[in-house]
Structure formats: structure tokens, C-alpha cells
Amino acid sequence: MRTLGPGWVLQRAKMRVESLSGSLRRRTPQCGWEALAVSGMRVGSDWAVAGRGLGGVGDEAQELLDGRIRVFSGRSVAVGSPPDWFLNVCTGQRVPSGGHWTEIGDFSQGDIKGVWEASRWSWAWVLVRAWQKTADERYPELFWTWLEDWMERNPPNTGPNWKCGQEAAMRLFAAAFAGDAFRIHPSSTPERMAKLSRLADASGQRMASHLGYAVSQDNNHGISEAVGLITAGVLWPDLPAAGSWLGQGLETLRHLCDRLVARDGSFSQHSSNYHRVMLDDLCFAAAVVRRAGLGLSEEVGAAGFRAAGFLERLLVGDGEVMRYGADDGARVLQLSGCGYADFRPTLAACALFFGSADPGPGPWWEQAQQLDAFSGGGGRDGAGFRRDAATGREPEGGVHVRRRGSAAILFRAPTRFRFRPGHADHLHVSVHDGERFLVDDVGSYSYNDSGKRWSGFGSAVFHNVPTVDGDDPMERVSRFLWLPWTRCRLEVNEADRLVASFEGPNHFLVRREVQIRADHCIVLDHIEGYREADLALRWHGRDRDHLAAIAVSCSNPGVVEKWYHRDEASGLGFHAPTYHHLEPSWCREWTVRAASASFRSVIRWGRDDAQES
């Protein structure tokens, strides 16, 4: 109550009462598809992007024809054709397909994200791009075959694939885009287009029925569902509730962008990838409303501009970003041949719709071209949006990035939490030398692994921070909630020097100073334990040689150094490039038993013979 406020608590109490009383079930009744309305789709221009350098789609499209999908934007998994919509791709088990969605637990059958993955319809974006590139008749036919099978096996509000309104929104984005692209193909019969409109009607009703809960989460759920309502309202204008959905979606999106995107462009969810999800949502909304000759509010446009600027400041190497926070592999728009780790497609789309910085020419512009064509054309927009982006030196999001030549250093020091944090990553440091990460964030393996070891890689031991007895700066009280929200104290915020500290449980104190030089950085850590304890420092990296090159010294005698590589007992020595996928990496750890200690680390990215200044 003290941390999240009475509104958050009351919303969850309300949801519990609605679930127990059956009122939520009555608002979203199970029914057959014939009970849903039919509307013509708002017609745009006949568009195609074929011949504009499409790439990276052939192998994935062939996998779809073979009954395989890429899960969590990573590995390929056999699901059948049409897919088994109730297969948990994380465990290989099938889950029950019946029952009202309110009766199904998020994790009662393992991580429900493994069930939702095929039903997010990420494959639809791939089929459109493959058809544009090859004109192969199999791709539009496969889309309609899978759509019809999904609808037959997932009646409205029945089964696990209706449980989440955000999943319904993302599914609708993909369905709308593919349905519009394929509508000029003979396979898009009037009967099939009618089915698509019924899917839009069911999805709109599902999102509108429970929007208050999504909004109360203060994250991507509310934004995605608001854009979902806008999509249904604009593209199927003759549905009975279309006008209501459009108005509700636009107002909700305006409110959430104004509330959740800070002055420095940071986002409420404390996550680089969820930041991209939010921006992709906004870009899709901009394309949809432009198609109807409408526009987004000034609050949304300004938020998109600020948030794109924040993301651009995280950019390193070949489109990667300095990753931080939870990462479940979500990628709303898959409209380019760029890989999951490349954030430039999103930045290009933001440049198109919000007038933010141009990431430069390259294949990442395909996503913007696709959305521009879908919107009816018009080129770059955003000239009228308010330009109130901050410089990046403001600490609202708790993310500080410093650059020296081609190198980039991220320092995580949240001085305030308006919204719940995802990881206990206070004082985390990542370093990228312009080509590769020397030390970095290991990602998120799973939000539900049956308690074996991972905790989503959210704990302090999985970050580049000092710890006392392995304790976190906050206590994990549930799967997605840490309490209390321990804040950092930012003592120095200069171009070449950053200093921050925090007081953790039982009053232990951690203070970190980062000094930035031309070809290296010096990290000074001081730890004051509440008693004699195991005081430890860990550096995580994908390459052993890079970790071995870090020079570390300690003020105390008796330091024990240890390396971890694929350690099943602790979970150390792993890296999760995408959700539920592990690759071996390295962790180097120094531990001393004492009441207080200081560590000094030197991380170089310059010449081998460079002398420390």
C-alpha cells in the first residue's frame, strides 16, 4: 500500500472480486464466432515493398512452411502446421484448451508465455515479407489456413490464449497488417475477410472489458491494449463498438504516454527491450491513425520523440543497445531482416513518425517503409510535435551512458522509483568497446523456472555489482515485485566521473565510483557490511579473455577469486541472448570475509600498451 499506492491495491482487489463473483466472465462470455459482428476493413492504397532490399526472411519463411516457428525472437521450434496452439514451447507439454480465460493461471501449467508464443502471430509479419519478396502463393494461403485453424480452436474468451489482453493486441496488429497486405491476393476471399473482422471484434471486446487492469500495471500492457483498441476501431469502422474503442484507445494512450515516459525519455518499465516494445506500439498506432486521416495527440508524439532519443543514447556497435532490465524476447514489429538485437528498425520508424534522430541508411529502414506503406504513405511526420527531450544527463530513468571514442559505459543508478523495478541492478556497469561487450548484462532467462536457480536473472548476483552475503538491495516478494524500492543516492554526475551509493537490507552500504579515462575506466567499490559477511564483487562477460584482462585489487587480505562457467548450482556463467535460451558465458568473482572492504577494477578498451592515467 505504501509503495504502490491505494489505487494499485484496489484495482487488484477489484479484479479478485470480479473473478470470484463471475462479473468479469459475464462481461467476456464464451461464444461462437458467428455471434461476432462483421465489418469491412478500412481500405488503404494497394501497397507493396517488394524490391526494396528485403533480406533475412527466406530461412524463417521456409521454417514456417515446415511447421517451425522462431520463439521469443530466437531459436526455432517444431510446432506443426497448423501449429499446436496449446503446446508450451518452453516445456514441450500441452496445456488444456478449454475453460474461460479467468479460470486459467499464468503459471499453473509452467510459464504461460511458452503457450502464448505461437498465438502472438509473429509469423504473420514474416509471411508478408516473404510474399512481397518472392510472390510465392504458399505464403498468403498459409496465413489464412493458420488463421482459420486458430479461430476454430480458440473460440472467443475460451482457453489460455485469451487470458492476456496485450497478447490479443499484438495478435491483432499482426493479423491486421497481414490481412491488409494479402487482401489483393485471390486467397483472401470475402469469407476469410469476414473471419478477420470477427477476430477484430472479439479482440476489441476482450481488451475493452479489462482495460482498467492493464492501465493499472503502469507498463506496456496498457499501451499495447490502447493501441489494440485504436487498431480495431480504425481498421474495422463498422463494428458496433468501433467508435467507442477508438476514443477510449486514443485517450488511454495519451494518458499513459504522459504518465509513463519521463522527461529524459526513459520508460516506466526499467528495461531496454520493453522500451522498444513501447516505441513499436506507438509507431504502429501512428501508422493506423494516419491511415484514417487522423493524428496522435501532442502528448503521444512528444513521448515518442523523447523515448526514441533515450533509446538512441543506448545504441552501440551494430545496432545493439546497452541492455538492462527484464527481457522476454518480445518484438512487436518484425518488419526487417535485422536480428533481434538490432534496435535500428525501431529508431528508423521513430524517425519517420516522430521526427527523432535518423539512424542512417541501411536495411533497418525497411520497417519504416513497411509502416509508411501500410499507413497510406506520406513520408516523414512529426514536425509539429513538441521537442522537449532532455539531454540524457538527467537521472530520472537511473540510466547514465558515457562515451569515450568508440567505447560506451552504462551506469545504472536509479535515484527514484515512480514505478516498480524489474531487476535488482543498482550500480550495475556495462562496458562496450565499440565492437563487443567487455562486461555486460546477462539478460533474462525465464520468469518461471519452477524455482530452480534463475529468478529471471534479476538478482544482484547476476549483475556487475558488489554484494553482501549475496543479498539483493530489495527483497523479492513475488515473481514481479521487489520491495521496498531501494533508491540510490547520486553523489557525482559529471562527464568523466559518476558516484552513487545505496543502503540495502539490514543497513549495509554500497558505494561505487566510476572514473572514465580515454582508453579505460576505473571502478571503485566500497562495501560496509552490517556485520562480518561475505563481501563479493562479480563481473559478467561473454568472453573469458575480456574478463581476465580486468585488473582487480582489494583493500583486505584473504581475497578468494573464483571463475564460473555454466555453473548449474549457482546459475552463474550463463548468458540469455533471448528469453528461455541460454548460452555459456563467464563470471569472475572476488570474495572476502570482512565487515568492510574496498575493490578497485580497471577495465580497458584501448591499446594493450596504454598506461593508466
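The values are calculated or read from the model by the stated rules, or taken from the named source; none is laboratory data. Small disclaimer: the values here were computed from a predicted structure and weren't measured. Please note: Cβ atoms are built from the backbone with ideal geometry, for glycine as well, and neighbour counts cover all protein chains shown.
Do you know which of the residues in segment 441-493 that are in contact with an Asp or Glu (Cβ under 9 Å, 6 or more places away or on another chain) and among the acidic types (Asp, Glu) is modelled with the lowest pLDDT? Restricting to residues being in contact with an Asp or Glu (Cβ under 9 Å, 6 or more places away or on another chain) and among the acidic types (Asp, Glu), the top hit is 449. Scan segment 525-571 for residues that are crowded, with 18+ Cβ neighbours inside 10 Å, in a loop (DSSP other than H, G, I, E, B), modelled with pLDDT of 95 or more and of a type outside the set (Val, Ile, Thr) and jot them down. 542 - this is the single residue of segment 525-571 that is crowded, with 18+ Cβ neighbours inside 10 Å, in a loop (DSSP other than H, G, I, E, B), modelled with pLDDT of 95 or more and of a type outside the set (Val, Ile, Thr). Only one of the numbered conditions (1) among the basic types (Lys, Arg); (2) at pLDDT below 95; (3) under 30 Å from residue 112 (Cβ atoms) is not met by residue 331, and that is (2). Return the residues of segment 315-327 that are more than 16 Å from residue 268 (Cα to Cα) and not β-branched (Val, Ile, Thr); say none if nothing qualifies. Listed by number, the residues that qualify are 315, 317, 318, 319, 320, 322.
For segment 71-95, filtered to residues that are touching a residue at least 60 places away in the same chain (Cβ under 8 Å) and out of contact with any helix residue (DSSP H, G or I) (no Cβ under 6 Å at 6 or more places or on another chain), the residue that is nearest to residue 154 (Cα to Cα) is 86. Output yes when any residue across segment 146-154 is surrounded by fewer than 21 Cβ atoms within 10 Å (Cβ to Cβ) and more than 25 Å from residue 98 (Cα to Cα), and no when none is. Within segment 146-154, none of the residues are surrounded by fewer than 21 Cβ atoms within 10 Å (Cβ to Cβ) and more than 25 Å from residue 98 (Cα to Cα).
Within segment 527-539, residues that are closer than 20 Å to residue 575 by Cβ sit with their Cβ atoms under 6 Å from residues that are outside any strand (DSSP E or B), at 6+ positions apart or across chains, in these pairs: 539/464; 539/547; 539/550. On the stretch given as segment 289-310, residues that are closer than 30 Å to residue 127 by Cβ, touching a helix residue (DSSP H, G or I) at 6+ places or on another chain (Cβ under 6 Å) and assigned to a helix (DSSP H, G or I) total 4. Within segment 422-442, the residues that satisfy the criterion of being crowded, with 24+ Cβ neighbours inside 10 Å and within 30 Å of residue 105 (Cβ to Cβ) are 423, 424, 425, 441, 442. Taking residues in segment 121-150 that are touching a residue at least 24 places away in the same chain (Cβ under 8 Å) and within 20 Å of residue 336 (Cα to Cα), and partners anywhere that are assigned to a helix (DSSP H, G or I) and of a type in the set (Ser, Thr, Tyr), the pairs with Cβ atoms closer than 8 Å and at least 6 places apart or on different chains are 122/73; 127/139; 128/139; 130/139; 131/139.
Taken as a whole, the condition of being on the phi < 0 side of the Ramachandran plot, at pLDDT 95 or above, in contact with a Leu (Cβ under 7 Å, 6 or more places away or on another chain) and not basic (Lys, Arg) does not apply to residue 316. Taken over segment 61-78, the criterion of being out of contact with any Lys or Arg (no Cβ under 7 Å at 6 or more places or on another chain) and among the hydrophobic types (A, V, I, L, M, F, W, C) is satisfied by 61, 64, 69, 71, 72.
With respect to residue 258, determine if the residue is surrounded by fewer than 20 Cβ atoms within 10 Å (Cβ to Cβ), modelled with pLDDT under 95, under 20 Å from the mean Cα position of the chain (by Cα) and farther than 25 Å from residue 206 by Cβ.
Details: surrounded by fewer than 20 Cβ atoms within 10 Å (Cβ to Cβ): yes; modelled with pLDDT under 95: no; under 20 Å from the mean Cα position of the chain (by Cα): yes; farther than 25 Å from residue 206 by Cβ: yes.
Considered against the rule, which asks whether it is surrounded by fewer than 20 Cβ atoms within 10 Å (Cβ to Cβ), modelled with pLDDT under 95, under 20 Å from the mean Cα position of the chain (by Cα) and farther than 25 Å from residue 206 by Cβ, residue 258 comes out as no.
If the condition is being farther than 24 Å from residue 177 by Cα, among the aliphatic types (A, V, I, L, M) and in contact with a helix residue (DSSP H, G or I) (Cβ under 6 Å, 6 or more places away or on another chain), then segment 315-367 contributes 321, 357.
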